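The structure appears right after this line, and notes come after that.
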Amino acid sequence: MEINEVINRVKIERNKEVVEKVKRQLHRENNTKQLLSFSLKSLSIVILLACFHLANSLQVHQFITEEVNKAYINMRSNEKSRLITYSLESVALELKQGNYSGAREILNELPHSHHKDWFISLTSLGLKDFETSEQYLTKINAQDDHLYHSKLDYKFCMKYHIIQVRNFYDQEGEQYSRNISQK
């Protein structure tokens with residue numbers, strides 16, 4: 001054999017090793033990408049299922065009752081008067097019983113306060129008046145010193161928006177049912 005032939009064979013062997021090394025690295029990267037893709041898809045599915053479960057199990061009245069129970073109604077700490085405190089307790093009772101229009105009537109007679117903002121947002125949610133509810137929630141969120149500012153956490157906002165979306169689809173479903181029954 002000639003020296004040139006030996007040199008060429010050595011180069012070929014080195015190139016084979018480099019090619020094999022690159023193949024292994026590409027294979028590893030491909031496996032990593034597939035694993036990452038599978039993990040992200042699985043996580044997305046789990047999150048979607050959790051949202052669907054929450055949307056199915058979340059009841060508007062139950063949500064409002066929970067938020068009313070968290071309200072800061074304390075007769076001794078109310079700065080206005082006992083009459084306002086009793087009125088707020090009446091509003092809370094009406095909301096717990098699901099009488100949202102009765103709660104709104106009482107709230108219309110009360111002077112402006114942090115409690116009133118909170119209860120109007122919950123009452124409007126119960127009446128499916130999302131514009132008014134969102135207006136008051138935005139007001140509460142904009143004021144850092146508002147009594148209920150800290151109540152607007154991610155959990156509250158997520159539940160609120162799920163109720164909005166579910167209400168939208170309920171309305172669409174009712175409209176679709178009416179259209180089919182008319183045909």
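The values are calculated or read from the model by the stated rules, or taken from the named source; none is laboratory data. Worth saying up front: this structure is predicted, and the values here are computed from it rather than measured. Here Cβ is always computed from backbone atoms with ideal geometry, including for glycine, and neighbour counts include all displayed protein chains.
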Residue within the stretch 106-117 that is more than 34 Å from the chain's Cα centre (by Cα), modelled with pLDDT under 90 and among the aliphatic types (A, V, I, L, M) present: no
Total residues in the stretch 148-164, condition loosely packed, with under 12 Cβ neighbours inside 10 Å and touching a residue at least 40 places away in the same chain (Cβ under 8 Å): 0
Inter-residue pairs, beta-carbon under 7 Å, first hydrophobic (A, V, I, L, M, F, W, C) and in the stretch 82-102, second at pLDDT 80 or above and not in a helix (DSSP H, G or I), 6+ apart: Ile84/Leu110
Positions within the stretch 106-147 being in contact (Cβ under 8 Å) with a residue 24 or more places away in the chain, part of a helix (DSSP H, G or I) and more than 18 Å from Val68 (Cβ to Cβ), in sequence order: Phe130
Selection status of Asn99, at pLDDT below 85 and either aliphatic (A, V, I, L, M) or within 25 Å of Gln171 (Cα to Cα) (or both): no
Hits in the stretch 1-59 - residues which are surrounded by fewer than 10 Cβ atoms within 10 Å (Cβ to Cβ), at pLDDT below 80 and of a type outside the set (A, V, I, L, M): Ser57
Residue that is surrounded by the fewest Cβ atoms within 10 Å (Cβ to Cβ) [pool: residues in the stretch 87-109 that are under 15 Å from Leu127 (Cα atoms) and of a type in the set (Asp, Glu)]: Glu105
Which listed residue is assigned to a helix (DSSP H, G or I), at pLDDT below 85, over 18 Å from Thr65 (Cβ atoms) and of a type in the set (Gly, Ala, Ser), from Ser87, Ser150: Ser87
